[in-house]
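The values are calculated or read from the model by the stated rules, or taken from the named source; none is laboratory data. Keep in mind the model is a prediction, meaning the values are calculated, not measured. Cβ: placed from backbone, ideal geometry, glycine included. Neighbour counts: every protein chain shown. Just the protein is used for accessible areas: all its heavy atoms, side chains included, with ligands, DNA and RNA removed. Shrake-Rupley method; radii C 1.70, N 1.55, O 1.52, S 1.80 Å.
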Amino acid sequence: MNSQPAAAAATANESGFGLSYGYGTDRGLRRELNEDSFIASDPVFAVADGMGGHEAGEIASGLCVRTLGGYPQLATGTRTATAAVLQDCLLAADARIRNATGARAGTTLSGVVVVEQMGLPYWLVMNIGDSRTYLLSQGEFAQVSVDHSEVQEMVDAGSITSEEANVHPRRHVVTRALGTGDETEADFWLLPIHEGDRILVCSDGLTGELADEHIFRILSTVGHPQDAVDALIQAALRSGGRDNVTVVVVDAKNVLNDAGVATTAPRPGAGAEDEDTLPRQEVTAADGGAAGAPDGQGDGGHGAE
Ligand code: MN
């Protein structure tokens, strides 16, 4: 980075660019274990869905988020990550999982890292497997990540519709994962952050229960990110809760645009308090969900305890 972007970044920070976010995880109503893990710690917001059973899945997903949380180039306050840095980090996670589980367990990973380029903020979206990252921006809601799954390949080939994919018997089969199999390469997208952007990261325990229209309705009407997380998890449980469900919601505010001006866009539930960015959290099912979060923010918890 030359000196000019660094100066612009400082301006952006002085202007108050900030993130507020919420998170939660629930074991669901059918599963005995919660094998999901997540990290919600600026600049990293990600969900990992472990697979392998007999607690191996939660080892895999936990190692994955801990590797992200401990990676020097993803440390708190850092805005310099790139796709290459992230892929290196994910390969390190892959190796740790293989060592720990003998390649019997794997994990998905999806989420965002907040980065700055030329002084402007971006969502660096990453994905491997079938957890998902969505973006609600300027009224438009869309899935950013593309699932690595057998049914996604069938949809891409035109042999089934996305509606049929949602109920297909092989909908849970992933074609890429960390810690197991031969395909460990993630996909990345770099998207400019706009004022009022809202990111949703979730495991398939949410998207397996709720249609995108239902998710959009909640995200676009509930103001505080933690309230949106809680509403989404409760809706997934009411719809059956057949899998572990993990949700992270991140809002961007006071975003400096390329004219150097922080614009203000209407936000869902404008007027609700939105100042309480939450502290670092790296949570695995084994840690007891989001225990330790302040003010019961983590009480999405999971019902195992
Ligand atoms: Mn799952």
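Observations
- If you check Thr76, Thr67 for being farther than 26 Å from Leu237 by Cα, polar (S, T, N, Q) and outside any loop (DSSP other than H, G, I, E, B), only one passes: Thr67.
- Residue within the stretch 63-73 that is more than 22 Å from Gly181 (Cα to Cα), crowded, with 22+ Cβ neighbours inside 10 Å and in contact with a helix residue (DSSP H, G or I) (Cβ under 9 Å, 6 or more places away or on another chain) present: no
- Hey, Gly50 open to solvent by less than 30 Å² (accessible area, probe 1.4 Å), within 16 Å of the ligand (Cβ to nearest atom) and either in a helix (DSSP H, G or I) or among the basic types (Lys, Arg) (or both) or not: no
- Set side by side, the residues Glu35, Glu14, Glu55 differ, and just one is modelled with pLDDT of 95 or more and acidic (Asp, Glu), which is Glu35.
- From the list Ala142, Ala105, Ala92, the lone residue that is open to solvent by 10 Å² or more (accessible area, probe 1.4 Å), farther than 15 Å from Val201 by Cβ and among the hydrophobic types (A, V, I, L, M, F, W, C) is Ala92.
- Residues located in the stretch 92-115, provided they are within 16 Å of the ligand (Cβ to nearest atom) and farther than 15 Å from Asp130 by Cα: Ala105
- The residues of the stretch 224-249 that are closer than 26 Å to Pro121 by Cα and either modelled with pLDDT under 95 or assigned to a helix (DSSP H, G or I) (or both), listed by number, are Pro225, Gln226, Asp227, Ala228, Val229.
- Close pairs from the stretch 243-269: first over 18 Å from Thr133 (Cβ atoms) and β-branched (Val, Ile, Thr), partner more than 16 Å from the ligand (Cβ to nearest atom) and at pLDDT below 90, Cβ under 7 Å, at least 6 apart: Val255/Phe17; Val255/Ala262; Thr263/Asn257
- Subset of the stretch 182-235 [open to solvent by 40 Å² or more (accessible area, probe 1.4 Å) and closer than 22 Å to Ser20 by Cα]: Trp189, Leu190, Leu191, Pro192, His194, Phe216, Arg217, Ser220, Thr221, Asp227, Asp230, Gln234
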